[in-house]
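> Can you read through this structure? Questions will come right after.
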Amino acid sequence: MHGPTGSNGPTGLTGPTGPTGLPKAELHLHIEGTLEPELAFALAARNGVTLPYADTAALREAYRFSDLQSFLDLYYGLMAVLRTAEDFTELTDAYLGRAAAQGVRHAEIFFDPQAHTARGVPVGTVIEGLSASLERSEERYGISTRLIMCFLRDESAESALATLEAAKPHLDRITGVGLDSAEVGHPPAKFREVYEAAAALGLRRVAHAGEEGPAAYIREALDVLGVERIDHGLRCMEDPELVERLVRERVPLTLCPLSNVRLRAIDVLADHPLRAMMAAGLLVTVNSDDPAYFGGYVGDNFDGVRDALGLTPEQLRELARNSFEASFLDDDEPRRARYLSEVEAYEFGAE
Ligand code: ADE
Ligand code: ZN
């Protein structure tokens, strides 16, 4: 069958037939960035936290960012409402429900422990809360998951080491480590030691690089931190030799198009280099970053680039295929092959 009468979902029921329904993995998603204003106010009331906004409309009004730092200030501030393990469970359940409705079949989820421990919330509380949701994810939402613990690059290397140490009793829940927060002035090499320690513990490694920072940070993340994926990597396009290397080594880049517009890395979606990156042979994926703040979840990012860049169904399918290829699902894990065959079988139709 073709078109909107097709049966695309895992249940066999008729579902969306555009980029939203396309089965995909989300590989660049900060769970704290899924905190919608309604949940923020509900948690604030429950936890006795006073927010400096009159209501959800006033909070949404504040989502006009001039750069990464202006977003981070609000993002860390709003985390004040996240206090108990249940808060983290609810936050994650809400994300998984939305992600499932946008075709996500596998999610590799970032969290920022230092943003919570700094407020007196123990890392164990955070991980327990996230895990309570993730453990039921496949059964409830049809989404397999991995958890990636990020270090804040504008905090010290010692703080990152202490965070890894504090997380040691919970490492069975954690697949890898990442590096995020304010990029410029905080080059990857600052975190050499903690990445070496993470590798010795068998953790996978990724890092944000080339979002606002220069292409040189991407090289450094590969050479010094030994990362397997680059989060964003947008600015690699300024360095043709680096692009050649990323293509040759098949290093995945986890792009976040709506985020790039909202944080002013680019002016409008039509200027996004995604098409040029695909044409160059880069292994790019499309993700949502902080969807509650940037105007959409991963399916909305797919819709956005299709409309702004005129991507064909086959190009969208390539992006979905890339997302599973770039995931940390084991090569011989049956889910990987199953998801890839779902991508091939997907029937695009009019939305
Ligand atoms: N933390 C949450 N979102 C981020 C982004 N886009 N860049 C760096 N750190 C982040
Ligand atoms: Zn990010």
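The values are calculated or read from the model by the stated rules, or taken from the named source; none is laboratory data. A quick note: this is a predicted structure, and the numbers were derived from the prediction, not measured. Ideal geometry is used to build each Cβ from the backbone, glycine not excepted, and the neighbour counts take in all protein chains shown. Accessible surface is based on the protein model in full, side chains and every heavy atom, while ligands, DNA and RNA are left aside. Shrake-Rupley method; radii C 1.70, N 1.55, O 1.52, S 1.80 Å.
> Return the long-range amide H neighbours of Ala107 (sequence gap of 5 or more, or a different chain), with a cut-off of under 5 Å between placed amide H atoms.
Glu26, Ser144, Thr145, Arg146
> Determine, from the Cβ-Cβ distance of Ala45 and Gln69 and an R0 of 30 Å, the FRET efficiency 1/(1 + (r/R0)^6), rounded to the nearest 0.05.
The formula returns an efficiency of 0.55 here.
> Using only Cα atoms, locate the centre of the stretch 188-242 and the centre of the stretch 291-351, then give the distance between them in Å, rounded to an integer.
That distance is 24 Å.
> Report, to the nearest whole %, how much of the accessible area of the stretch 137-233 belongs to carbon and sulfur atoms, 1.4 Å probe, protein only.
Heavy-atom surface of the stretch 137-233 belonging to carbon and sulfur, 1.4 Å probe: 47 percent.
> Using a 1.4 Å probe over the heavy atoms of the protein chains, calculate the carbon and sulfur portion of the accessible area of the stretch 292-337 as a whole percent.
Carbon-and-sulfur percentage of accessible area, whole number: 44.
> Here's a follow-up. Taking a probe of 1.4 Å, how large is the accessible area per residue of the chain, in Å²?
38
> Now a separate question. Summing -39500 (n - 2.57) over the DSSP H runs of n ≥ 4 in the chain and dividing by its residue number, what mean residue ellipticity at 222 nm do you reach, to the nearest 500 deg cm²/dmol? Intermediate results must be reported in sequence, preceding the final value.
Values: 17 runs with 157 residues, N = 351.
It comes out at -13000 deg cm²/dmol, rounded to the nearest 500.
> Considering the alpha-carbon set of the stretch 148-197 alone, what are its Rg and its Dmax in angstrom?
10.6, 33
> Now, a different point. Between Arg60 and Glu135, what is the label-point separation in nm under the 7 Å Cα-to-beta-carbon projection?
My value for the distance between the label points is 3.6 nm.
> In whole percent, what relative contact order does the chain give with Cα contacts below 8 Å and a gap of six or more residues?
This gives 23 percent for the chain.
> Moving on to the next point. Taking the Cα centre of the chain as origin and charging only Cβ (+1 Lys, Arg; -1 Asp, Glu), how large is the dipole, in debye to the nearest 20?
280
> Mind giving me the FRET efficiency for Asp223 and Ala276? R0 is 22 Å, r the Cβ-Cβ distance, nearest 0.05 is fine. Numbers along the way, then the final one.
Working: r = 25 Å, r/R0 = 1.12.
With a Förster radius of 22 Å, E is 0.35.
> Additional query: On average over all directions, what projected area in square nanometres does the stretch 114-156 have, based on the convex hull of its Cα atoms?
Spelled out: convex hull of the Cα atoms, projected over all directions, averaged, 3.6 nm².
> Let me ask something additional. Taking N as the number of residues in the chain, what value does Rg over Cα atoms divided by 2.2 N^0.38 Å take?
Normalised Rg, Cα atoms only: 0.94.
> Please give the Cα centre distance for the stretch 22-36 versus the stretch 162-184, rounded to the nearest Å.
Using only Cα atoms to place each centre, the spacing works out to 18 Å.
> Right, here's the next one. Just want to confirm a number: the relative contact order over the stretch 172-321, from Cα pairs under 8 angstrom separated by 6+ residues, in percent.
16 percent.
> In addition: Determine how large the accessible area of Cys150 is when every protein chain is in place; take a 1.4 Å probe and give Å² rounded to the nearest 10.
In the full protein context, Cys150 sits at about 0 Å².
> Can you give the local net charge around Arg173? Use residues other than it whose beta-carbon is closer than 10 angstrom to its beta-carbon, Lys and Arg +1, Asp and Glu -1.
-2
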